[in-house]
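Taking it in order: structure first as structure tokens, then the write-up.
The values are calculated or read from the model by the stated rules, or taken from the named source; none is laboratory data. No experiment lies behind these values; they were computed from the predicted model shown. So basically every Cβ, Gly included, is an ideal-geometry build from the backbone, and we count neighbours across all protein chains shown. With ligands, DNA and RNA removed, areas are computed over all heavy atoms of the protein, side chains included. Shrake-Rupley method; radii C 1.70, N 1.55, O 1.52, S 1.80 Å.
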Amino acid sequence: MTPAFRALIDKEWRGLRPIAVLIAVLFIFGLFYAQASDFLDQYTLWEDYFDNLETSTVMNFIFCAIISLGLLVREKDEGTLMYLDGLPVRRSSIYLAKWLVAVFLGGIIDVMFFVECFIYDAFSRESDMPGRQWHSYGVYLGLHIFQTMFFVSLMFCLSFLRRWAFLIIGALFWAVFWMKSSQVPFAEWLDPFSLVQVPEKEDERWIIPWGHLGFLGAVGLGFWLVGLFTFTVRFDSIRQARGSCLAKGAGVLAIFLIVIVWMGFMITSAVMQEDELIEEAAAAAEETYTEKFTPQLSGGNAIATESSEKFQFIFREKSRKQVQPLVDKSDATFATVADFLKVDQDARDGRIVVDLSNPLGDHNAGRAHWQKIRMVPPGPKQPVAKGVAVLGHEITHVLIDQITDNRLTEDFGSVRWFHEGLASYVEFRFFEKPEARADYEHWIALASTWDEIDFAEVVDNTEFTELHDSFLVYPIGRLWVKAAVNVYGDDAPTKLLTAFARPDAPRNLDGLARWRDVCLAADFDLERIRSRFRTRLKELRDTHAEVCEKYTEITEASAIRDDGKIVISPELPENWDEVVKNLPEKSKLMCRVRPETDSEPAQWRYAKLNKKNEFRLSGFDFLKPQIGVQIGWETGGWTEMPVLGEWITVTVEAEKQ
Amino acid sequence: MTGMLFKKECRQHGIWFILLAVTTPLLLRFVSAAVNASGGGGGVMAGLGTGFRVVLPIMIWILAFLLIAVEFRQKTQLFLEGLPLPRWRMIAVKCGLGIVLSIIYAAGSVLFCWITSGGTEAVTMQFLQIMLATAAAWSAFLCSFFIVAGFLGRYRLAVCFVIFIVMISLANRGVPMGEFPPFALLERFGLEREIWPKTDLVWTWAITAGLLGLSFTMGLTKEGSVAAMMGEKMSYREKITIGGALFLFMTFMGNFTSPAPEPFELPGAVAEEIDGVQLFLSPENVARAVDQDVAFASKLAAKVGGIRDWLAISDTHFPPIYIVERTDLEDGEVIGEDVDVEAGRVVLAFANYLDDSVSLDSVASKIMLEVLHVRSIDRIKKEDRWWIAMGLQQWLEFKNASSEELAEQEKRVGEIVSEHGFSPENVTDWKAFEELVGEDEVPAIAWTGVLKFVDEYGEEALQNLAQNTVARYAAGKDNRASIYDFFHPISKAFRKATGGDTVADFSEKWAANIEGSAQTK
């Protein structure tokens, strides 16, 4: 390091020292605050610190923005850049010095918090915890510092835009969000916030996401270079300045085009790999490889509308034949639901829009919003009754929101199961044939046999979906509502909804606390309903024990990358051949896979067991070292939905040699 | 002159106005598409509501910055003040232009989204009017807010931050921010088609007018010198001071965001209170007579009270006990459930308490263990004392057991020891041992430890040990309990109870005793 460069570092450090002092003060204050909020001899790195990584990553981003956004432009705005230009140092050296100091300051924050938690962890260690995972700690700190470097480079690149930088950051965020939601391959790699993926178990080796690092590294380098370019270019004349702006614009456009072309190449490869997997399955004369869901766009058809007293239907002209019967029965359906929920005449005013023109995500027959329903149009061979049942289900959702004035959405995590459960209860009670209820009962019987149902978990949707099949809330909720109706009568759902919406209800309860409050306000005993629910579950388990026994629960698996694909090998029982022989007809072991714990259903993939007793999926959709896997059964008609066990985290080993 | 001012603004910032006019609808449409792609959207117009919440403020902030903050930062307002026109006119032109442009951006976005929705939104005239009116009111509010922020100059970020933290805190305390104007305007944006949000619109415009009035006040006070002074850049020292103050404020507000309490009750429960022990039993079958439950409640309350006194636990810190009957639980299983309450803690447990095969001692000892869990906020499970708590529970359960029950318990111990062995290290590494043996089996081993302890040092020593270890109370979830334990470690309490023997000394004796018993059998 030359003396001049050292002087630059010193100058930058001196300039940022007040921020460093501020951070140190805040950290010390945080130390005292920690004393007031937790038992520090029961605060472990793995369970407490790493559990809050999302928050710490967001804080990291904010700190980097605070430190970096003004670092370059301030020199120009305050005129000190002219002074620096007079010194025997290059602008690139100044830029590098600033970048290094910003990264150091941003990185030091993470290290300080980590060390603090490391100390608490030392006081909290007990014998059932694995030994110190130095490798994991090193990987974590390395990834965090890499994130810091990436964020600082991004801020440096955008800082010349000044306030417009926030707009670009917002646009980038939504672009990545859209790509991930739209299942664009490799979209995961565009998200720097998901770089740090903690292994599920403490003693599991933390695999470095080289692919993700490499990609973000390339993008980050691009940002760094653009920032360098904008800082180092000098204007001797307006013409040069204009030329420089054009050059900057051209540079940004070039980077943009490179990214687009590269994404296009990757998407093409992903599509080709999907086709390959299909051909593979066909060649092996197996059942069709389960492709990812492709929304059935009806595109290009004119939009048509039909109205009834209570509804306005929007649909594609080509599905008029299927939609018309739905329109004809819609008002009667509404009346049935509204009468059951005892909705006042005033609240029945107004029209509900039913949008059947746009595709919905995977496994969604319908979605309800305030005064609006989105539905998949009935298929050509689908009975009208099914469409009516779905409409009845969605109308229930709409009316729940009306009765409670949308209060249930304040804490949807605690009530999702009830929302779906009540809608399912109405659907099956009034609109589905009795035989159709058996489907839900079989589903819940098998899930309950596998211990997938615990009410205390169900009332916390985040925890529940982390561990179990999130669609289970439908049959669980239905059974619970049925229990409530059995104990307290047909008025029970409406009384509960009214209790939710009462003006003096506490507004920020969640989980069991919320439900205890609501039940007490409705003059119900929550434990009585729970008891009835448990009894009914046991009855279902006992009734269907013989069939349930045939469907073995499988909760272990391993995975490898093979020629760009992911091959998952479930740990099958020793008597697997026997199990297969005794299975009901058309039953098939299958799996569901997700890239991250909080992935939306749109990002899930499915596969069926092939003749080699493996699941094969496209590797483009799962780029992280660890994936979530659920293994379960398609039951050949015994249940409509597949019955899946708990989510397990599987490390994807490197390609076979 | 007004026209000249208007032209001046357009000439100075026109290119940015046009850029904002183009990018705002495009970006908002993109946000709407992204929200719908994630599966969470209610259509194009509902997705636009999300854009209005998260992206439109950025656009209007940039607009307000251009109109207000730039003028004061670059001190060009001094030039304008030299012109023969009243200062209020200058501010009025800026505010008016800002409000009009904001409304154009927002309304334009509504129309753009409608046009690009491909007919999939059933937009009636009334629906469109509601959306346009809502968009106009919201954007005008944002503009007026950021204009005020612009006049705050170098303190604007700090003030915005404070407002943001206050709103978050209020939301955490249960104040429904989304129900108050202007936020209520966006609650059902793109979904509510028939009912005009009249009250919210009126209030939003009233707030907007108030903010504009504040802008004028700040801009005109002392001939605009206040605004000019605030428009100067903050020094580093000032930034640190304000940054530190903001963090302290944030932390202070954080202390008041604990969730609202829940009322706890078991309707229809049989209640009993004996000597400060409050016990509530909730029978599973509400139709049956509660005589048995009443009788059991009395006996259980008395029993639990006896254990409480033995542990020297005061009434003040003894939680009420709620037990819900579950006839599906077997073998005397008692399941505890966490409950957060307002005025202290409660014990909520599930048990088949009327099962004839389960003794009163069994239920009472397990309930007591739950009480210790709740009193210590789960610190009872710390490794240094967990074996003591387990062993104590088992000792209380089997104190009056029949010889058959004792024989069965000893047999269980023998099986565990022959399979897993037992060494002195297992005591200090109790959690690892529990993981090895299984949480249902390990209490039997802990029982042998307590038996040996009583045998070595007497029941009084056991009482002393229990009072100073497992009966410790945690006043709250903060570090006081940890600090107390640091200065009064369990090992010290153990030495005091045994008259000098350490845990290691005792572990040797314990292990030898178990080995000896195993060999004898």
| said: Filter region B:301-334 down to the residues that are in contact with a strand residue (DSSP E or B) (Cβ under 6 Å, 6 or more places away or on another chain) and either more than 14 Å from every other protein chain (Cβ to nearest Cβ) or assigned to a helix (DSSP H, G or I) (or both) and list them by number. | reply: B:Ala301, B:Ala302, B:Val304, B:Gly305, B:Pro319, B:Pro320, B:Ile321, B:Val334
| field | The listed residue being crowded, with 21+ Cβ neighbours inside 10 Å, within 13 Å of chain B (Cβ to nearest Cβ) and either under 21 Å from B:Ala184 (Cβ atoms) or modelled with pLDDT of 90 or more (or both), out of A:Ile395, A:Ile352 | value | A:Ile352
| query | Given the residues A:Pro378, A:Pro383, which is the only one that is crowded, with 19+ Cβ neighbours inside 10 Å and at pLDDT below 85? | reply | A:Pro378
| request: Look at region A:352-392 and say how many of its residues are under 17 Å from B:Met45 (Cβ atoms) and of a type in the set (Gly, Ala, Ser). | output: 2
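For region B:399-413, which positions are open to solvent by less than 30 Å² (accessible area, probe 1.4 Å) and more than 12 Å from B:Glu441 (Cβ to Cβ)? So that I can check it myself, show each step before the final result.
So in region B:399-413, the residues open to solvent by less than 30 Å² (accessible area, probe 1.4 Å) come out as B:401, B:409, B:413.
Of everything in region B:399-413, just one residue is open to solvent by less than 30 Å² (accessible area, probe 1.4 Å) and more than 12 Å from B:Glu441 (Cβ to Cβ), namely B:Ala401.
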| request: Give just the number: which of (1) open to solvent by less than 40 Å² (accessible area, probe 1.4 Å); (2) away from every other protein chain (no Cβ under 14 Å); (3) not basic (Lys, Arg) does A:Glu546 not satisfy? | output: (1)
| message | So if I check each of A:Ile566, A:Ile554, which one is open to solvent by less than 30 Å² (accessible area, probe 1.4 Å), modelled with pLDDT of 90 or more and in a loop (DSSP other than H, G, I, E, B)? | response | A:Ile554
| said: Looking at the structure I just gave you, is A:Asp490 modelled with pLDDT of 95 or more and of a type in the set (Asp, Glu)? | reply: yes
| query | Quick one: how many residues across region A:527-543 are free of Cβ contacts under 8 Å to residues at least 12 places away in the same chain, more than 9 Å from chain B (Cβ to nearest Cβ) and open to solvent by less than 70 Å² (accessible area, probe 1.4 Å)? | reply | 0
| request: Out of the residues in region A:488-526 that are facing chain B (nearest Cβ under 7 Å) and in a helix (DSSP H, G or I), state the one that is most open to solvent (accessible area, probe 1.4 Å). | output: A:Leu520
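Is it fair to say B:Leu436 is among the hydrophobic types (A, V, I, L, M, F, W, C) and under 19 Å from B:Lys366 (Cβ atoms)?
no
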| note | Within region B:486-517, the residues that are in a helix (DSSP H, G or I) and without any contact (Cβ under 8 Å) to a residue 24 or more places away in the chain are B:Phe486, B:Phe487, B:Lys492, B:Arg495, B:Asp505, B:Ala512, B:Gly516
| query | Quick check: anything in region A:418-426 open to solvent by 40 Å² or more (accessible area, probe 1.4 Å) and among the charged types (D, E, K, R)? | reply | no
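Here's the yes/no breakdown for (1) charged (D, E, K, R); (2) open to solvent by less than 40 Å² (accessible area, probe 1.4 Å):
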site: B:Ala302; (1), (2): no, no
site: B:Ile313; (1), (2): no, yes
site: B:Tyr322; (1), (2): no, yes
site: B:Thr327; (1), (2): no, no
site: B:Asp331; (1), (2): yes, no
site: B:Val334; (1), (2): no, yes
site: B:Phe350; (1), (2): no, yes
site: B:Ser357; (1), (2): no, no
| field | Filtered residues of region B:426-447 (kept if more than 8 Å from chain A (Cβ to nearest Cβ) and free of Cβ contacts under 8 Å to residues at least 60 places away in the same chain) | value | B:Leu436, B:Val437, B:Gly438, B:Glu439, B:Asp440, B:Glu441, B:Val442, B:Pro443, B:Ala444, B:Ala446, B:Trp447
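Kindly check whether there is at least one residue in region A:469-479 that is open to solvent by less than 30 Å² (accessible area, probe 1.4 Å), away from chain B (no Cβ under 14 Å), of a type in the set (Asp, Glu) and in a helix (DSSP H, G or I).
no
For every residue, the table says whether it meets (1) within 13 Å of chain B (Cβ to nearest Cβ); (2) surrounded by fewer than 16 Cβ atoms within 10 Å (Cβ to Cβ); (3) modelled with pLDDT of 85 or more.
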| residue | (1), (2), (3) |
| --- | --- |
| A:Met1 | no, yes, no |
| A:Ala7 | no, yes, yes |
| A:Leu45 | no, no, yes |
| A:Phe50 | no, no, yes |
| A:Phe61 | no, no, yes |
| A:Leu81 | no, no, no |
| remark: Listed by first then second residue, the pairs whose first member lies in region A:319-341 and is under 19 Å from A:Pro378 (Cβ atoms) and in the same structural domain as A:Ala368 (by TED's automatic domain parsing), whose partner is open to solvent by 40 Å² or more (accessible area, probe 1.4 Å) and among the aromatic types (Phe, Trp, Tyr), with beta carbons under 8 Å and at least 6 positions apart or on separate chains, are A:Thr336/A:Phe430; A:Val337/A:Phe430
| said: Looking only at residues that are open to solvent by 20 Å² or more (accessible area, probe 1.4 Å), in contact (Cβ under 8 Å) with a residue 40 or more places away in the chain and more than 9 Å from chain A (Cβ to nearest Cβ) in region B:45-68, which one is farthest from A:Val376 (Cα to Cα)? | reply: B:Pro57
| Which ones in region A:9-41 are open to solvent by less than 40 Å² (accessible area, probe 1.4 Å), over 23 Å from A:Ala65 (Cβ atoms) and in a helix (DSSP H, G or I)? | A:Ala34
